[in-house]
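One structure is given below, encoded as structure tokens.
Every read-out reported here was derived from the displayed coordinates using simple, explicitly stated rules and does not represent laboratory data. Everything numeric here is computed off the predicted structure, so don't read it as measured data. Ideal geometry is used to build each Cβ from the backbone, glycine not excepted, and the neighbour counts take in all protein chains shown.
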Amino acid sequence: MKKLFILSIALSLPAGAYASGAGTTAANFLKVAMSPRAVSMAGAFSAQADDPGAVFINPAGLAQFDGRAAALDFSTYLQDAKMGNLSYAGTAGGRRFGFGATFLTVGGIERRGLSDSAGVVPELGTFGSSDMAVTLAYAAKDVMPGALPRLDGGFAVKVVRSTIYDKSAVALAADVGAIYRATPKINLSLALQNFGTKMKFEEEADPLPVCLRAGLLYKASKALNVAGEVSEYLLDEKIYPAVGAEYWVRPSFALRGGYKFGYDTANLGSEAGLSLGFGVKVAGLDVDYAFLPFGDLGSVHRFGFRIGF
């Protein structure tokens, strides 16, 4: 079952797994480090990004809202993997800043030795792996008031650490993003993520999953947001278009959905790429939920809480 889990993670993430070689990258958990709200819209969120989860997808989004807010979310991934995100956004000196932390842990992975003279591969117990990224972000409104009004910008720096069994590796990376408020109804976005150093466990080093995002948000009404996004993983040479929508049925309840193209639907099933979710506002607390089906491999559930103060 643990071997199935490793295969599942490799297939369900937008690109390859943790092996080294041409077209592969390390720290692939960064590809799914986003809030349940963004996940339920298939990740098409970089042009909206109006909550603390902006630190994970486009730092310029921190300038899209005022005040302080904090968010905590957690996920049950395939075969008992656990993932969590913590984020915060606030103001200092008239500028917006944010903090984010992402954790992923996997336990009980079967460990085996070399085959003996009889061709038997002995069991050597189990081991675990863990990943962590800590991000500090900064954003400002109207960064080019003379040349291009209504352009918001932001950047972030992050420390990434991965551990497999008794080996660990560390990398430093940066994100940069922009949101152009073209009209009162349309936002355009561009963000470059995970540009940094390589991760080296022993002799070989693998780069981080550098991602270029281009997005569009159309505010059809006060209740309906429609978004589109194209994510290109430059080193993996993979492109993933996505569409998503958020509809506030009433001020306290939203329905969300989206679809990301590019998954291996032949193996994962036709529903792979689909995402659904909802949001509820209760006494100043936002509760978010996202659901991602992966056919015979199972489903992913993500829960989150946000509060403004």
Within the stretch 92-107, the residues whose backbone N lies under 17 Å from a label point placed 7 Å from the Cα of PHE74 along the Cα-to-Cβ direction are 101-107
Helix 2-12 sits off the longest principal axis of the Cα atoms of the chain, rounded to the nearest 10 on a 0 to 90 degree scale, by 40 degrees
In the stretch 215-287, taking the dipole from +1 charges on Lys and Arg beta carbons and -1 charges on Asp and Glu beta carbons about the Cα centre, the listed residue (TYR218, SER252, SER231) farthest towards the positive end is SER252
The extension gain from ASP66 to VAL134, computed as 0.36 nm times the residue separation minus the Cα-Cα distance, is 22.2 nm
Here FRET efficiency (C-beta to C-beta, LEU224 to ASP166, R₀ 35 Å, nearest 0.05) is 0.10
Dipole check, the chain, charges on Cβ (K,R +1; D,E -1), about Cα centroid: among PHE305, LEU285, ALA137 the Cα furthest to the positive pole belongs to LEU285
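Test of understanding: ordering MET83, MET41, MET144, MET34 by Cβ neighbours within 10 Å, fewest first, what list do you get?
Values: MET83 20, MET41 30, MET144 13, MET34 26.
So the residues, fewest neighbours to most, are MET144, MET83, MET34, MET41.
How would ASP80, ASP66, ASP175 line up from fewest to most surrounding beta-carbon atoms within 10 angstrom?
On the way: ASP80 13, ASP66 10, ASP175 26.
Lowest to highest Cβ neighbour count: ASP66, ASP80, ASP175.
In debye, nearest 20: dipole of the stretch 125-171 around its Cα centre with unit charges on the Cβ of K, R (+) and D, E (-)? All intermediate terms of the calculation are to be shown ahead of the outcome.
Working: 5 positive and 4 negative charges, 8 e Å.
It comes to approximately 40 debye.
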By the Cα gyration tensor axes a ≥ b ≥ c (a/c under 1.5 gives rounded; else a/b larger than b/c gives prolate, otherwise oblate), the shape of the stretch 198-294 is prolate
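About the Cα centre, and with charges only on the beta carbon of Lys, Arg (+1) and Asp, Glu (-1), how big is the dipole of the chain? Nearest 20 debye, please. Walk me through the intermediate numbers first.
Values: 29 positive and 27 negative charges, 221 e Å.
For this selection, approximately 1060 debye.
Can you figure out the FRET efficiency of LYS198 with LEU285, using R₀ = 41 Å and their beta-carbon distance, to the nearest 0.05? Kindly include the intermediate steps, with their values, before the conclusion.
Numbers: r = 41 Å, r/R0 = 0.99.
After rounding, the FRET efficiency stands at 0.50.
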From DSSP H assignment alone, runs of 4+ in the chain each adding -39500 (n - 2.57), the sum over residues rounded to the nearest 500 puts [θ] at 222 nm at -2000 deg cm²/dmol
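Under a Cβ-only charge scheme (Lys and Arg +1, Asp and Glu -1), can you give me the dipole magnitude of the stretch 201-309 about the Cα centre, in debye to the nearest 20? Write down the numbers at each step before the final one.
Working: 10 positive and 14 negative charges, 234 e Å.
Computed charge dipole of the stretch 201-309: roughly 1120 debye.
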Taking a ≥ b ≥ c as the square roots of the Cα gyration tensor eigenvalues, with a/c under 1.5 meaning rounded and otherwise prolate when a/b beats b/c or oblate if not, the chain comes out prolate
